[in-house]
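Undergrad: Supplied in structure tokens, the structure appears directly below.
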């Protein structure tokens, strides 16, 4: 998740999605096809990235069983007693584990929680003294299946992400390996998300997750069976992006927009679970290495005549973001604890 916006965005109801708005792209020809096939698919991805910043992806090669196991174990975790979930809560010394970021105070109902998983690298006390980037994950002892399911899915998403990088580069008319060396120890995150249903009597601006853009280059989202994702078109109209069986939703994040010098757009999206059932989803945020500096690609700046975005250090940028979320999570947890004890 990235930059949020004000509640005015929620005054508009979302329309149903149409393929003309969010394209459905088959990635198989890019993985296995001819050079012509690969460039055609990269062109489709570029067009969607320029127009709305979102697309559905099929033919990605990720086994259904890997995805199904992740969702099964995610549901098992969120159905644990509260005391067992709390044992895996994230701390101020590491942005991993359970985080509560949304609470409907009027009905004392948790509307949005996430369980954050990252890759595990050797500690680096110089660059990462608090272990936010290179520390261990926090796994709940009461849900032993969560760790293997999460890491199997994490590896599958990492492999797919590297292939998508090549497609994004070709779509920008730069070398397919343009991003090589920027993702050797990527600071990626997998979020296992829980959304309860918004109460029927809630105010119109009530939401599970407010309008925002994502911080990194791109996100691969797996939705469960319940919809709720909404995307804002460039004309300001909100459209619903329901689950399509077997497909991922890919969206451009801020860093890819900066690399492309604005060709690809990082678009606002939100979640409103207006069903009567709980909702699960699993976004994978593919982030560059800690010391990468993201700035408009020189090849594109030469064409445009100017760099439209300043250079950003990945580690410093993500650290500010994580610290803000950690503070919000602690505040939500403290408020919930105080209500339980009152």
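Undergrad: Just checking, does the range 156-170 include any residue being over 16 Å from residue 218 (Cβ atoms), modelled with pLDDT of 95 or more and exposed (fewer than 14 other Cβ atoms within 10 Å of the Cβ)?
TA: Step one: filter the range 156-170 for residues over 16 Å from residue 218 (Cβ atoms), giving none.
Within the range 156-170, not a single residue is over 16 Å from residue 218 (Cβ atoms), modelled with pLDDT of 95 or more and exposed (fewer than 14 other Cβ atoms within 10 Å of the Cβ).
Undergrad: Considering each of 207, 211 in turn, give the residue that is buried (at least 19 other Cβ atoms within 10 Å of the Cβ), at pLDDT below 90 and not in a loop (DSSP other than H, G, I, E, B). So that I can check it myself, show each step before the final result.
TA: Numbers: 207 fails: not in a loop (DSSP other than H, G, I, E, B).
Going through 207, 211 in turn, just one is buried (at least 19 other Cβ atoms within 10 Å of the Cβ), at pLDDT below 90 and not in a loop (DSSP other than H, G, I, E, B): 211.
Undergrad: Mind checking which residues of the range 42-67 are within 15 Å of residue 218 (Cβ to Cβ) and touching a residue at least 60 places away in the same chain (Cβ under 8 Å)?
TA: 42, 45, 46, 49, 50, 52, 53, 54, 55, 56, 57, 60
Undergrad: A further question follows. Among the residues of the range 214-235, count how many are over 15 Å from the mean Cα position of the chain (by Cα) and either surrounded by 24 or more Cβ atoms within 10 Å (Cβ to Cβ) or without any contact (Cβ under 8 Å) to a residue 40 or more places away in the chain (or both). Spell out how you get there, then give the answer.
TA: First, the residues of the range 214-235 that are over 15 Å from the mean Cα position of the chain (by Cα): 225-227, 232-235.
Next cut, either surrounded by 24 or more Cβ atoms within 10 Å (Cβ to Cβ) or without any contact (Cβ under 8 Å) to a residue 40 or more places away in the chain (or both) only: 225, 235.
Total satisfying the criteria: 2.
Undergrad: Return only the number of the condition from (1) more than 15 Å from the chain's Cα centre (by Cα); (2) over 28 Å from residue 313 (Cα atoms) that residue 262 does not satisfy.
TA: (2)
Undergrad: Okay, next question. Sort out which residues of the range 282-319 are out of contact with any helix residue (DSSP H, G or I) (no Cβ under 9 Å at 6 or more places or on another chain) and farther than 15 Å from residue 217 by Cα, and write them in order of number.
TA: The initial filter retains those residues of the range 282-319 that are out of contact with any helix residue (DSSP H, G or I) (no Cβ under 9 Å at 6 or more places or on another chain), namely 283, 285, 298-299, 301-306, 313, 315-316, 318-319.
Listed by number, the residues that qualify are 298, 299, 301, 302, 303, 304, 305, 306, 316, 319.
Undergrad: Are any residues in the range 80-94 farther than 12 Å from residue 113 by Cα and out of contact with any strand residue (DSSP E or B) (no Cβ under 6 Å at 6 or more places or on another chain), and if so, which ones?
TA: Those that are farther than 12 Å from residue 113 by Cα and out of contact with any strand residue (DSSP E or B) (no Cβ under 6 Å at 6 or more places or on another chain): 80, 81, 82, 83, 84, 87, 91, 92, 93, 94.
Undergrad: Taking the conditions exactly as written (more than 20 Å from residue 176 (Cα to Cα) and either buried (at least 19 other Cβ atoms within 10 Å of the Cβ) or in contact with a helix residue (DSSP H, G or I) (Cβ under 7 Å, 6 or more places away or on another chain) (or both)), does residue 240 satisfy them or not? Outline the logic, then answer.
TA: Values: more than 20 Å from residue 176 (Cα to Cα): yes; either buried (at least 19 other Cβ atoms within 10 Å of the Cβ) or in contact with a helix residue (DSSP H, G or I) (Cβ under 7 Å, 6 or more places away or on another chain) (or both): no.
Taking the combined requirement at face value, the residue does not satisfy it.
Undergrad: Among the residues of the range 262-277, are any without any contact (Cβ under 8 Å) to a residue 12 or more places away in the chain, on the phi > 0 side of the Ramachandran plot and surrounded by fewer than 20 Cβ atoms within 10 Å (Cβ to Cβ)? Don't jump to the end; show me each part of the working.
TA: Applying the first criterion (without any contact (Cβ under 8 Å) to a residue 12 or more places away in the chain) to the range 262-277 yields none.
So far as the range 262-277 goes, no, none of its residues is without any contact (Cβ under 8 Å) to a residue 12 or more places away in the chain, on the phi > 0 side of the Ramachandran plot and surrounded by fewer than 20 Cβ atoms within 10 Å (Cβ to Cβ).
The values are calculated or read from the model by the stated rules, or taken from the named source; none is laboratory data. Since this is a predicted model, take the numbers as computed values, not measurements. Glycine gets a Cβ as well: all are built from the backbone with ideal geometry, and neighbour counts include every protein chain shown.
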